[in-house]
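Down below is the structure, laid out as structure tokens.
The values are calculated or read from the model by the stated rules, or taken from the named source; none is laboratory data. None of the values given here were measured: they were computed from a predicted structure. Here Cβ is always computed from backbone atoms with ideal geometry, including for glycine, and neighbour counts include all displayed protein chains. To get the accessible areas, we keep the full protein, side chains included, count just its heavy atoms, and leave off ligands, DNA and RNA. Shrake-Rupley method; radii C 1.70, N 1.55, O 1.52, S 1.80 Å.
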Amino acid sequence: MIPGDPALTIAGVDAAESDIQAIRAKLGTDKPMLNQYLEWIWDVFRFDFGTSLTSGRPVSDLIMERFPLTLTLAVLGILLSIVIAIPLGVISAVRRWSFWDYLGMLFSQAGMAIPSFWLGILLLMLLSIKYRVFPLFGSGSINHLILPSISLGIARAAVLLRLTRASMVEELSKEYVITARAKGLTERMVNYKHALRNALLPVITIAGIQLGYMLGGAIIIEQVFSLPGLGRLFLFAVYQRDFPLIQGGVVFVAFVFSFINFAVDILYSVLNPKIRIS
Amino acid sequence: MTVSNNNLLEIKNLDISFIQARGAAHALRGIDLTISSGEILALVGESGSGKTVTSMSIMGLVPTPPARVNAGSLLFKGEELIGRPHAEMRKIRGNEIAMVFQEPAKYLNPSLKIGEQITEMLILHLGMSKRQAVEKSLEFLDVVGLGKSRRVLNAYPHELSGGMKQRAMIAMAICCNPSLLLADEPTTALDVTLQLQILKLIRSLKATFSMGILFISHNLGIVREIADRVSVIYAGKIVESASNKALFENTLHPYTSALLQSIPDAKKRGHRLRAIPGSVPDAENIPQGCSFHPRCALASDRCSQEIPMTKDYGNGHSAACHMVQ
Amino acid sequence: MNRFVEIVNLEKTYYGHGFFKRSKNAVKAVDRVSFGIEKKSVYGLVGESGCGKTSLVRSVLYLDPPTDGEVWVDNTLLGGLKATELRSFRRRMQIVFQDPNSALNPKMNIQDSLEEGLFNRGLDNSRRKELVTRMLDLVGISPSHSTRYPHEFSGGQKQRIVIARALCMEPDFLVLDEPVSNLDVSIQAQIINLLQDLKSELGLTYLFISHDLNLVAYLSDQIAVMYKGRLVETGSTDEIMGHPMHPYTLKLFSSIPGMQTTPAADDFTAPEAAASGGDKKPLEGANVCSYCDPCPMAGQECRGQEPQLETIDGSHKVACLKLANHN
Ligand SMILES: Nc1ncnc2c1ncn2[C@@H]1O[C@H](COP(=O)(O)OP(=O)(O)OP(=O)(O)O)[C@@H](O)[C@H]1O
Ligand SMILES: Nc1ncnc2c1ncn2[C@@H]1O[C@H](COP(=O)(O)OP(=O)(O)OP(=O)(O)O)[C@@H](O)[C@H]1O
Ligand code: SF4
Ligand SMILES: [Mg+2]
Ligand SMILES: [Mg+2]
């Protein structure tokens, strides 16, 4: 539990004790812990996270206002990382120890080592301040989201690339690949028709989970690029001890995360004939 | 020596090693094999003796490096396969020489339907349209005893039982009507009751399509059942070759007879089995002289120093042993 | 007088993961199996892959307790033992599995692997070392190799080591689940000879499992033939080998290369039915002979009634309605 009394925050330190009590009663923080909890659970079921303490508006409204931006950012980020990682990973695996493989290795090492906020700042300084290709602040157009999604996507791409390469290398060492060659298929068909299909299965699962993580990663990037997304909303809520907003935010993110995982599981079973049957 | 032009496949003195960090593995040490059309040649040997390397080298699928062909030739229909360009080998593979593997569950692509795996070959090698290819695949499913079943065609491998998978794999191998079929332990992973069915199927293929078949196995019982001629391989060398009858009834090489004696059956109950002491040498460490001498009951001094030459004992029965008269 | 091992109506059902109805995907891997093993004899169990052989022995040893039925070993009812009692009793019953590679921890040298089980027996250090040395010696592995790791041994040697590990517990009942199926022909014979020597030297009782009828016949005193979780024929080796009766046993016989004795059992089955031979048997529809689909002799009655093992003569029993009617 976060220490501190929200009633105190609202009323101010030198408020009268009776005022504080009144605020506590209004907030419900004077009731026993268990009661507070059960009431809250009941509200969550109705998608009612209560009212934000600082702005006085319903928490669900606040979240839904900000969510589209964060989601767009995360989806752009994951798309970008898939677009980079899968082709490069596959080429690295097919032509092991070639130029592409070394390039991929360099990329994944760098991508994993560089923190995304740092990359964000670097991109801002270079492309927004020095060359002014992209806008520095604000939101509203796709242009505002390009740099943030690059900074978010690069690190994820690094992870996905390694995974794609490993998965593809593993598939290429499987026995059915020998069969495919023994059938006289061209290397192209062996690689892209036979092996790739199986190699992508784990990659898709991980990419889905990454999408969930990216919602979390967005918090920092939104800060760097001053985007009015969920991240900034929650950060603000924590500073202000806006408990309903914090709780609502946590539950909402958890819900989205599980939903994504669920969707990935469904997708996986559609793609994998072995699971499809049961 | 006669130049035999009716041989479908003629392997002469094939010698292959694998170059690795811890030393070379001498997988094949000069083997000779011939297969003619409409004949089943069995290649018998224990694990690591070089059976798979033999069949993969016929397909041109032994990766070089790590492998290196030290010597030898592979004549298919009178033409050399070794050193053929990749593009040409690809046209032969699956089309003229096809292969069936040991474990159908592993050697079929788990995420492609059986139909797709068969038709892609017909489309590639015979230039059929998709529809023709599907029709043709159904015909071949029928040939291998699965019936003209669209259910099988639309099934993923894991939806079929082991025996059905192996039949599907055989259908895949024979659909382009190859003249040579390499079957690498096609029944080993199958249940006893299914083994026999697959053997029958292979025998009927020989008769209907007059294919030459290289049947690889480590089971002498099965080999006796199916082969016209048998070659026994030990540590990358053919130690005895003969017609089926001659090999089993007039065994020459001590290794072959030791193998035969070590098979348990009800008649030997109460007696100890004649086990072969020691174990199969690995290809990195092949004994001097006759490679079998550390395990051989007949071995003499000569055996540990001098490699026995392959000698012909008449009627195509040959063996490589100092002690065979 | 009870036999050394007595198995009564043993059943093992695996429950599937049906969401609401647990029994929906249930598989009865072992179905009312009863047999007994005399002390110091070899009992052979044959059947195709997936017929329930491994499930049966796992249940017999309570590695995976049966869903129903009783197991008596040396007049002790295993199901009646408390967990701690069972653990100490289990010392007397050891099992050797098919794949020696997965049976040994690759990161432990074989001395440690073999000693591991002995800690629970409260033996002191020198006694443990001595026992391990003696058992390795017994299976023909030089004790000077005991500090080596599993990958330094060949398949046959590994299987010897696994056998030595079982022997370290000084069992009197040894279960061998396809102990040679993964080994080379020339090595198989070595292990089989070893098993025979150990049996006479140490007075062991074996339950020997294989899908190779030849091998089982060579080694066993009694044989049981299993099909889809049921025993279809039991008897002494001479009875079964000399006078096999059940159509499934006949089919097994005809599958031995070079032994097509019975044309009848050969090509009768439609490929699909035959190809799915070892498939699971669903719980429902228990009132038919489990072999009625592929069976060349099946008649109407086989689909309306389930045959039980009935004595033909001596210890020879067959579960087949067609055969029972002749007596
Ligand atoms: N890629 C490789 N690299 C190194 N050595 C290899 C390679 N492939 C095969 N060998 C060696 O070549 C020898 C022959 O192997 P091969 O696979 O032909 O045996 P096999 O007779 O098919 O045995 P099995 O019955 O186990 O399939 C073995 O000693 C093996 O270690
Ligand atoms: N843990 C389990 N959960 C569900 N089903 C199982 C489980 N173990 C085995 N089965 C099923 O029980 C049946 C019997 O399996 P079992 O392993 O006992 O056969 P087996 O005779 O030992 O076969 P094999 O010769 O292949 O080892 C099979 O249909 C199998 O799919
Ligand atoms: S050459 Fe000598 S060692 Fe080799 S098989 Fe013949 S007798 Fe045995
Ligand atoms: Mg092989
Ligand atoms: Mg088993």
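Per-residue answers, yes or no, for (1) in contact (Cβ under 8 Å) with a residue 24 or more places away in the chain; (2) within 23 Å of C:Leu45 (Cα to Cα); (3) away from ligand 3 (no atom under 16 Å from the Cβ):
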{"position": "C:Lys129", "(1), (2), (3)": "no, no, yes"}
{"position": "C:Arg134", "(1), (2), (3)": "no, no, yes"}
{"position": "C:Ala166", "(1), (2), (3)": "yes, yes, yes"}
{"position": "C:Leu174", "(1), (2), (3)": "yes, yes, yes"}
{"position": "C:Asn193", "(1), (2), (3)": "no, yes, yes"}
{"position": "C:Asp212", "(1), (2), (3)": "yes, yes, yes"}
{"position": "C:Tyr218", "(1), (2), (3)": "yes, yes, yes"}
{"position": "C:Gly229", "(1), (2), (3)": "yes, yes, yes"}
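Residue pairs whose Cβ atoms lie under 7 Å apart, separated by 6 or more positions or on different chains, with the first residue in the stretch A:172-201 and more than 8 Å from chain B (Cβ to nearest Cβ) and without any contact (Cβ under 8 Å) to a residue 24 or more places away in the chain and the second buried (at least 23 other Cβ atoms within 10 Å of the Cβ) and among the small types (Gly, Ala, Ser), are A:Val177/A:Ala195; A:Val190/A:Ala180. What number of residues in the stretch C:170-179 are crowded, with 20+ Cβ neighbours inside 10 Å and more than 13 Å from ligand 2 (Cβ to nearest atom)? Result for the stretch C:170-179: 2. Filtering the stretch C:65-114 to residues that are touching a residue at least 40 places away in the same chain (Cβ under 8 Å), open to solvent by less than 30 Å² (accessible area, probe 1.4 Å) and not aliphatic (A, V, I, L, M) leaves C:Pro66, C:Gly69, C:Pro100, C:Asn109, C:Ser113.
If only one of B:Ala71, B:Ala87, B:Ala105 is open to solvent by 20 Å² or more (accessible area, probe 1.4 Å), touching a Gly at 6+ places or on another chain (Cβ under 8 Å) and outside any strand (DSSP E or B), which one is it? None of the others qualify; the one that does is B:Ala105.
Do the conditions hold for B:Pro186, that is, is it away from ligand 5 (no atom under 16 Å from the Cβ), open to solvent by less than 10 Å² (accessible area, probe 1.4 Å) and away from every other protein chain (no Cβ under 12 Å)? Spell out how you get there, then give the answer.
Working: away from ligand 5 (no atom under 16 Å from the Cβ): yes; open to solvent by less than 10 Å² (accessible area, probe 1.4 Å): yes; away from every other protein chain (no Cβ under 12 Å): yes.
Here the answer is yes, as B:Pro186 does meet what is asked.
Restricting attention to the stretch B:1-50 and to residues that are among the β-branched types (Val, Ile, Thr) and open to solvent by 60 Å² or more (accessible area, probe 1.4 Å), the residue that is modelled with the lowest pLDDT turns out to be B:Thr2. For B:Ser179, state whether it is in contact with a Leu (Cβ under 7 Å, 6 or more places away or on another chain), away from ligand 3 (no atom under 16 Å from the Cβ) and open to solvent by 20 Å² or more (accessible area, probe 1.4 Å). Yes. Tallying residues that are closer than 21 Å to A:Val44 by Cα and open to solvent by 30 Å² or more (accessible area, probe 1.4 Å) within the stretch A:247-274 yields 11.
Condition check for C:Ile191 on (1) part of a loop (DSSP other than H, G, I, E, B); (2) within 14 Å of chain B (Cβ to nearest Cβ): one failure, at (1). Answer yes if at least one residue in the stretch C:147-154 is surrounded by fewer than 17 Cβ atoms within 10 Å (Cβ to Cβ), within 14 Å of another protein chain (Cβ to nearest Cβ) and over 25 Å from C:Ser59 (Cα atoms), and no otherwise. Scanning the stretch C:147-154 turns up at least one residue that is surrounded by fewer than 17 Cβ atoms within 10 Å (Cβ to Cβ), within 14 Å of another protein chain (Cβ to nearest Cβ) and over 25 Å from C:Ser59 (Cα atoms).
Out of the stretch A:12-50, which residues are modelled with pLDDT under 75, open to solvent by 90 Å² or more (accessible area, probe 1.4 Å) and more than 37 Å from the chain's Cα centre (by Cα)? Selection gives A:Val13, A:Asp14. Taking the listed residues B:Arg84, B:Arg22, B:Arg29, B:Arg93, the one that is among the charged types (D, E, K, R), away from chain A (no Cβ under 12 Å) and either more than 14 Å from ligand 1 (Cβ to nearest atom) or without any contact (Cβ under 8 Å) to a residue 60 or more places away in the chain (or both) is B:Arg84, with no other qualifying. What are the residues in the stretch B:198-220 that are at the interface with chain C (Cβ under 10 Å from one of its Cβ atoms) and either more than 18 Å from B:Asp184 (Cβ to Cβ) or charged (D, E, K, R) (or both), if any? Within the stretch B:198-220, just B:Lys200 meets the criteria. Report whether or not B:Arg269 is within 12 Å of chain C (Cβ to nearest Cβ) and either open to solvent by 40 Å² or more (accessible area, probe 1.4 Å) or free of Cβ contacts under 8 Å to residues at least 60 places away in the same chain (or both). Yes; evaluated as a whole, the condition is true for this residue.
When only residues in the stretch C:16-51 that are near ligand 2 (Cβ under 8 Å from one of its atoms) and away from chain B (no Cβ under 14 Å) count, which is modelled with the highest pLDDT?
From the stretch C:16-51, those near ligand 2 (Cβ under 8 Å from one of its atoms) are C:16, C:27, C:29-30, C:47-51; that's our starting set.
Filter once more, so that each one left must be away from chain B (no Cβ under 14 Å): C:16, C:27, C:29-30.
Details: C:Gly16: 63, C:Val27: 80, C:Ala29: 89, C:Val30: 92.
Among them, the one singled out is C:Val30.
Counting only residues that are assigned to a helix (DSSP H, G or I) and either open to solvent by less than 80 Å² (accessible area, probe 1.4 Å) or facing chain C (nearest Cβ under 7 Å) (or both), the stretch B:272-306 holds 4 of them. Of the helices (runs of 4 or more DSSP H) lying entirely inside the stretch A:225-278, those containing at least 1 residues that are more than 17 Å from A:Tyr213 (Cα to Cα) and within 14 Å of chain B (Cβ to nearest Cβ) span A:243-271, A:273-276. Do you know which residues across the stretch B:167-183 are at the interface with another protein chain (Cβ under 9 Å from one of its Cβ atoms) and not aliphatic (A, V, I, L, M)? Correct list: B:Arg167, B:Cys176.
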